[in-house]
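Working notes for the structure below.
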């Protein structure tokens, strides 16, 4: 199954949930003779409700509906207008980028998030994907707080066939990061993926530990971390936005990994993230397999979201 087909399959629940409702909503309004007329207020209210059901979020839904109302005079179909506006929101966030990597130095990617989002498995899947792309990644097991976290990451590293720098449970995470930076440079690795301990944004001691990790990385490799990926669980919906805002303030987040997209009807979360946070989605998780982490492309996402009649 190709990348797009896997994304389409992952978004099936979201697309199916809103397809019939949207089809009923636009019935008759997409006829050519209706497109030059103003959209009825009830239709606009219904459109906002459809978007909210998909967890697009209040602010993003309102922005899309307002844009659709403004543009309707051009005679485009309602379906196409909604599709175009969702795509515009997603593409507007794609301009945010990672820091440039100094010539000759490994790229450092810090992976952060709360417990239960799939952060550790995401690191393993990222390592596998990068290796398939011809890169030489190194995993840093800096989650020394959670019992068996290092062993779990070792399993993923073995599956991906990549090196891992690890220490005993309870070790200083910043010391492990130091060792990984040194090993990455010595072994000529292209990318160092740092798995950090899952932490709630309310745990100030853990947030301070994260800042210490960032300082150590930047001291050893100029500009590091070059990217900080925040892993969010799509199934928790809008609650993930609160997590994201706190991590943005502390961790310098540059991109989002949206996991468990295949297990939810809240696939519109991607739109809410792009609109409310202005952060690009780098990857989406659509399954538990090692190949089930997909690079995010706005157009493919929208095509998959509109796979049904709507």
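Rule-based calculations on the coordinates, nothing more; no lab input. Values in this document were obtained by computation on a predicted structure and should not be read as measured data. For neighbour counting, all protein chains shown are included, and Cβ atoms are generated from backbone atoms with ideal geometry for every residue, glycine included.
The stretch between residue 132 and residue 168 holds 10.0 nm of extra length on full extension. This uses 0.36 nm per residue minus the Cα-Cα distance. Averaging 1/r across all pairs of distinct Cα atoms in region 160-217 and inverting the result yields a Kirkwood radius of 12.4 Å. The C-alpha atoms of the chain define a longest principal axis, and helix 239-251 lies at about 40 degrees to it. A convex hull fitted around the alpha carbon atoms of region 167-310 yields 140 Å³ per residue. In plain terms, the chain from residue 158 to residue 146 could stretch by 2.3 nm, reckoned as 0.36 nm per residue minus the Cα-Cα distance. Shape index of the chain: Rg/Rh, with Rg the Cα radius of gyration and Rh the Kirkwood radius from the inverse mean 1/r over Cα pairs, equals 1.04. Centre-to-centre, using Cα atoms only, region 172-237 and region 244-310 are separated by 21 Å. Spin-label model, residue 40/residue 291: points 7 Å from Cα along the beta carbon direction are separated by 4.8 nm. Compared with the alpha-carbon gap, the fully stretched path from residue 208 to residue 66 is longer by 47.0 nm at 0.36 nm per residue.
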